[in-house]
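Just so it is clear, none of the values below were taken in a lab; they were calculated from the coordinates. Here the structure is a predicted model, which means the values were calculated and not measured. Cβ placement follows ideal geometry from the backbone for every residue including glycine, while neighbour counts extend to all protein chains displayed.
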Amino acid sequence: MSRRLGLGVAAGTAMLVALVVTLTMQERQRDAEERMSALLAAPLDAPAAIAALDAVDATLAERALTSLALDQALARALAGADAGGVDRLLAGLEALGAERGHRLVAGPAVTAALEVALDRAGNVAPGSDPSAGVESAARRLARASPYLPAAVRQRLATGLERQRAEWLDAVARPLRDHLGTESPARGSWATLVEAVQAVRDADPLHPLLTDRRLHRHLDAALEAATDDGDVAAARAIARAVGDLPSPPTELAARANVAAQVAAERAEARRTEAAVQAVEALVAGASSLDAYRAARDALVVVALGAPRTPALARARFEIGQFLGAAVAAALHARQPRAARAAILEFAAVLDAEPLLAWRRQLVDADPDYSAVADPAHAPRITAAAKAVNRLLARPTLDARWRAELAQAFGEYVVLAPGDADGAIETVRGAVATLHEDRAEAAIGSGDRATALEALAESRRYVRDRTRAMALEQRAAALSR
């Protein structure tokens, strides 16, 4: 009996020990699961992540705890992990090292749970950037690959490729819709450019970017933009052409000058409208106020079409009206009021009347002749800079001549009396430029250009000795 009692006590003791061990292992199992859940649920710094996984790894290493039990516990913890949780798990595994990290997720339940979590983390959330989601999923899969069986890696990679293909198809659909038409609808350039940019951002080597239909559409859009004088459209389309992998040479060449051509056509249309406005103005204007109301159109014509007959008529009439107003202001001893009236039209009138009025203003306002009016100082500075800039690069074309006339006119009206020397220097320099041009034209037998240059010279020069000699030589040329 004592023996049976001894055996019974031994068996009971063994059962108790087994129960204690089982309870201890269950506690370790729960602890491991809780640590894994905490790691996946909230951001942890690197040391905390390593400590959590160290504890889990230590639990797994104990022979007394079955791998299956811990595998299932860790799988339960991983079941609800989002993308952030998966990223934190991968960071912890990488910190532990390849061998220990692989041991943690080697069990079938954890592997299956990790596959599901990776697949879920790769799905693009509504309202998020699909391209960022696909790229993020690809990076996450690359990090997880060392811990996954080959079959799992393949399944996830196939799913990711399918998702990427679906995303690329959606991105390219608007561009395909554009190219499905014979030619782009006028005014549709913005959506075309947007579609090209979207495809290029998604895949710089996408086949649609080298499609000849796209080249034709972009070429047609460029032509429409330049015809319309739409500089913004021309620039945007040109950028789209530049973003193509290998645009045709002719298309690239047209794109390079498209904005300039569009600007020139827009300016031509603006000038044409201003000329029409000035022509209508001179047909019925009867006061300086009428010309004052149309000053902007007058300035546009002076810059873009300075030889327009209506502008010459307007200048003559403005000179008549303005001369009377200046005389009245000076008679009333209001020289600064006279200067303000002249300044309104300085950008429109020739230098000759402005120089004559300047002399009267300086004589009537000796204080001004000593120090420029501070209120006008910024305009004086701007006009002087413009004159210097233009003289530094004298193209002598119509635009250059008009811009110089405007800047010089403002400086003449606003500059103090002691600026006479600078004004004379500019007059001489400009006259010489035009006379040199005339002499070169005479040498080549270009009578029209020579006469045009000499006409410009007369606007600035006082001593006309050289100009008169050149005029005689130009007149001797055959007509």
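Data for the structure
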read-out	value
A382 versus A340: modelled label distance in nm, points set 7 Å from Cα along the beta carbon direction	1.8 nm
R0 of 45 Å, Cβ-Cβ distance R473-S246: FRET efficiency to nearest 0.05	0.20
Region 343-399 and region 147-202: distance between their alpha carbon centers, rounded to Å	60 Å
Point-charge dipole on Cβ atoms (K/R +1, D/E -1) for region 171-268, about Cα centre, debye to 20	220 debye
Pairwise label distance in nanometres, A112 with A232, each label 7 Å out on the Cα-Cβ vector	5.9 nm
J(HN,Hα) series, region 448-461, from Karplus relation 6.51 cos²θ - 1.76 cosθ + 1.60, nearest Hz, glycine and proline x	4, 5, 4, 5, 5, 5, 5, 5, 5, 4, 4, 6, 10, 8
Hz values of 3J(HN,Hα) by residue in region 332-337 - Karplus curve (6.51, -1.76, 1.60), Gly and Pro given as x	8, 6, 10, x, 6, 5
Between region 238-293 and region 89-109, the alpha-carbon center distance in angstrom	67 Å
Residue exposure sequence - F345, F316, F321 - by fewest surrounding Cβ within 10 Å	F316, F321, F345
